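To start, the structure under review is shown below, and the notes come after it.
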Amino acid sequence: MSEYKKPSSEKAFGENFAQIKPLMNDTQAFYESSRCLFCFDAPCVDACPTGIDIPLFIRQISTGSNDGAAKTIYDSNWFGHSCGQVCPTEVLCEGACVYNNQDVTPIDIGRLQAYATDKVIQGKKNLFLVGKPNGKKVAIIGAGPAGISCACELRTYGYEVDVYEAKSKPSGLTVYGVAPYKITNKAALDEMAYLQKQFDFHIHYNSPITSEKDLKKLEKNYKAIFIGIGLGA
Ligand code: SF4
């Protein structure tokens, strides 16, 4: 057995932590999306914890409507790109794909999802509308997936949103807890920046809420408080 050596250069790091689900190119995405049977009862959707309309977004990719595909994904999951890369799809949507019953490789749903969402993120496509201001402010504690999803949702209804994050970066678990061979910090932060630019919510970094006094202050200044501090907090 060869001796383990800790990676000491960017090159060695890249070789050891190459993406387990690399992004597809256009040809791969077209080929893979064309294989989907567009099942009427789509067991892949039932197996998706966020209920994304998988056959629809795959059909949208195969017919050249990538923006539509990304919108379909984000309509159900504000972290569509991160989840496409990080989710254990082999036991979720891909594990339920009907192709498994025929001993045929299931549709590569996670990578198709990452493909469609990466295109709109890198292309800075505006897909969402902020709701008409309703004059109400909400505080969110935690800039992880739960807090940011809540912020996006509230902005579509016209709430003003301030997010209070204890750390110096957003995205919570996606940045601080997921192995880089699943998703790079850049990819996670790009999706975060994409959402923040369109929804225009404010994030206060290095701002932990740690005392009753802090909470009372939020209660005084906001209509509601959402606590999204993660299971590890
Ligand atoms: S189960 Fe498989 S083939 Fe059927 S819609 Fe879902 S991804 Fe496509």
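The values are calculated or read from the model by the stated rules, or taken from the named source; none is laboratory data. All figures in this text were calculated on a predicted structure; none of them were measured in a lab. Please note: Cβ atoms are built from the backbone with ideal geometry, for glycine as well, and neighbour counts cover all protein chains shown. Calculation scope for accessible area: heavy atoms of the full protein, side chains included, ligands and nucleic acids excluded. Shrake-Rupley method; radii C 1.70, N 1.55, O 1.52, S 1.80 Å.
A few remarks follow.
- Taking Ala166, Ala188, Ala69 as the candidate residues, the one with maximal mean-square fluctuation in a Gaussian network model of the chain, Cα springs under 10 Å, is Ala166.
- This model, with +1 at the C-beta of Lys and Arg and -1 at the C-beta of Asp and Glu, gives the stretch 1-87 a dipole about its Cα centre of some 240 debye.
- The three principal axes of the Cα atoms in the chain give end-to-end lengths of 59, 52, 31 Å, sorted in falling order.
- Taking trypsin sites (Lys or Arg not before Pro) across the stretch 123-199, the ones in a DSSP loop with at most 14 further Cβ atoms lying within 10 angstrom of their Cβ are Lys124, Lys136.
- For the residues Asn66, Asn185, Asn134, a GNM of the chain with alpha-carbon springs under 10 Å puts the largest fluctuation on Asn134.
- Within the shell defined by Cβ-Cβ distances under 12 Å, the residues around His204 carry a net charge of -2, with Lys and Arg each +1 and Asp and Glu each -1.
- Remark: the chain carries 57 Å² of accessible area per residue (probe radius 1.4 Å; ligands, DNA and RNA excluded).
- Near Ala96, once Lys and Arg are set to +1 and Asp and Glu to -1 for all other residues with Cβ below 13 Å from its Cβ, the sum equals -4.
- Folded to 0 to 90 degrees: helix 26-35 orientation relative to the chain principal axis, Cα: 70 degrees
- Intensity falloff of the stretch 137-227 expressed as log10 I(q)/I(0), Debye formula with alpha-carbon point scatterers, at q = 0.24 Å⁻¹: -1.20
- Separation of the alpha carbons by more than 19 angstrom is noted, of Lys125/Lys197; Lys119/Lys186; Lys21/Lys71; Lys124/Lys197; Lys132/Lys197; Lys136/Lys220, for Lys21/Lys71.
- The stretch 20-122, accessible surface, carbon-and-sulfur percent (1.4 angstrom probe): 55 percent
- Leading residue at positive end of dipole, the chain (Cβ point charges), from Cys97, Asn25, Ile209: Ile209
- The value of relative contact order for the stretch 55-181, using C-alpha pairs under 8 Å at least six residues apart, is 21 percent.
- Remark: relative contact order (the chain) = 19 percent; criterion is Cα-Cα distance under 8 angstrom and separation of 6 or more residues.
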